[in-house]
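What follows is calculated from the coordinates using simple rules that are stated; it is not laboratory data. Since this is a predicted model, take the numbers as computed values, not measurements. Cβ placement follows ideal geometry from the backbone for every residue including glycine, while neighbour counts extend to all protein chains displayed.
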Amino acid sequence: RKEVEQDPGPFNVPEGATVAFNCTYSNSASQSFFWYRQDCRKEPKLLMSVYSSGNEDGRFTAQLNRASQYISLLIRDSKLSDSATYLCVVFANSGGSNYKLTFGKGTLLTVNP
Amino acid sequence: DAGVIQSPRHEVTEMGQEVTLRCKPISGHNSLFWYRQTMMRGLELLIYFNNNVPIDDSGMPEDRFSAKMPNASFSTLKIQPSEPRDSAVYFCASSFIGSNYGYTFGSGTRLTVV
């Protein structure tokens, strides 16, 4: 099983649609969780952290279910500018006191006018 | 803050040549990471350093790849000899050790080996 698995996509949605991304992770000891966004031919950038109680940032809502080892990202009222690849990211111990981020392969979202 | 600075932005080289990629992390960050991104495999961690010391190089594909961090403000990733399958985007990222606030990535080096 891969460390971090995401919907393969791609997703094509009209402006204003609600779109959901799903992700599962294999390491039950993972500590922190994130969603990154990567625009075409650019570097990944942190979109938001994911907290156990769920958290919202404007049109974006992230959820975490530790028991199911499942993470989600919901985008409401999608905009053209939301078109990008969304990466699910997990922060976990890699041995001793060392930690690292592991990235899913990403899901490409295209929002159409 | 200038962010993580990588050079060159693009590199085209012939198979068998040596390639050196460079990275300057954010000042004050003490962890540095080298990632490779391809369509097939996504983002793969190659190696990372804490306080200039290599911690985990299990992602380095083979002996042709080597990385160094001689000081807190500079790191290199070297491929010798390069092969066409090394073509990818190579990202450097930095953070504080153990930080759970995510990493800051450089703009990447797009490597093409012909």
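In this structure, A:Lys42 and B:Met40 have a Cβ-Cβ separation that, at R0 = 25 Å, corresponds to a calculated FRET efficiency of about 0.80. Look at the stretch B:36-43: the mean tally of other chain Cβ atoms within 10 Å of its residues' Cβ atoms is 4. Both numbers refer to the Cα atoms of segment B:1-41; Rg and Dmax are 13.1, 37 Å.
For segment B:1-108, the extents of the C-alpha atoms along the principal axes are 37, 28, 27 Å, listed from largest to smallest. Taking amide H positions as modeled 1.01 Å from N, with prolines and chain starts lacking one, the residues under 5 Å from A:Gly54 and 5 or more places away or on another chain are A:Leu64. Using a Gaussian network model of chain B in which every pair of alpha carbons under 10 angstrom is joined by a spring, one finds that among B:Ser27, B:Ser75, B:Ser95 the greatest mean-square fluctuation is at B:Ser27.
Among A:10-21, A:100-111, how do they line up from the highest to the lowest mean number of other beta-carbon atoms within 10 Å? Walk me through the intermediate numbers first.
Values: A:10-21: 14.1, A:100-111: 20.6.
With the highest mean Cβ count within 10 Å placed first, the list reads A:100-111, A:10-21.
Which loop trypsin sites (Lys or Arg not before Pro) in segment B:1-77, with loop taken from DSSP, have no more than 16 other Cβ atoms within 10 angstrom of their Cβ?
On the way: sites: B:Arg9, B:Arg22, B:Arg36, B:Arg41, B:Arg64, B:Lys68; in loops: B:Arg9, B:Arg41, B:Arg64.
Counting only loop positions with at most 16 other Cβ atoms within 10 Å, the trypsin sites (Lys or Arg not before Pro) in segment B:1-77 are B:Arg9, B:Arg41, B:Arg64.
Relative to one another, the C-alpha centroids of segment B:33-96 and segment A:1-46 are positioned 23 Å apart. For segment B:103-114, backbone phi angles converted through the Karplus equation (6.51, -1.76, 1.60; θ = phi - 60°) give residue-by-residue couplings of 10, 10, 9, x, 6, x, 10, 8, 9, 10, 10, 10 Hz, Gly and Pro being listed as x.
Scalar couplings 3J(HN,Hα) for segment B:58-65, obtained by applying the Karplus form with A = 6.51, B = -1.76, C = 1.60 to θ = phi - 60°, are 5, x, 5, x, 6, 4, 5, 9 Hz; x denotes Gly and Pro.
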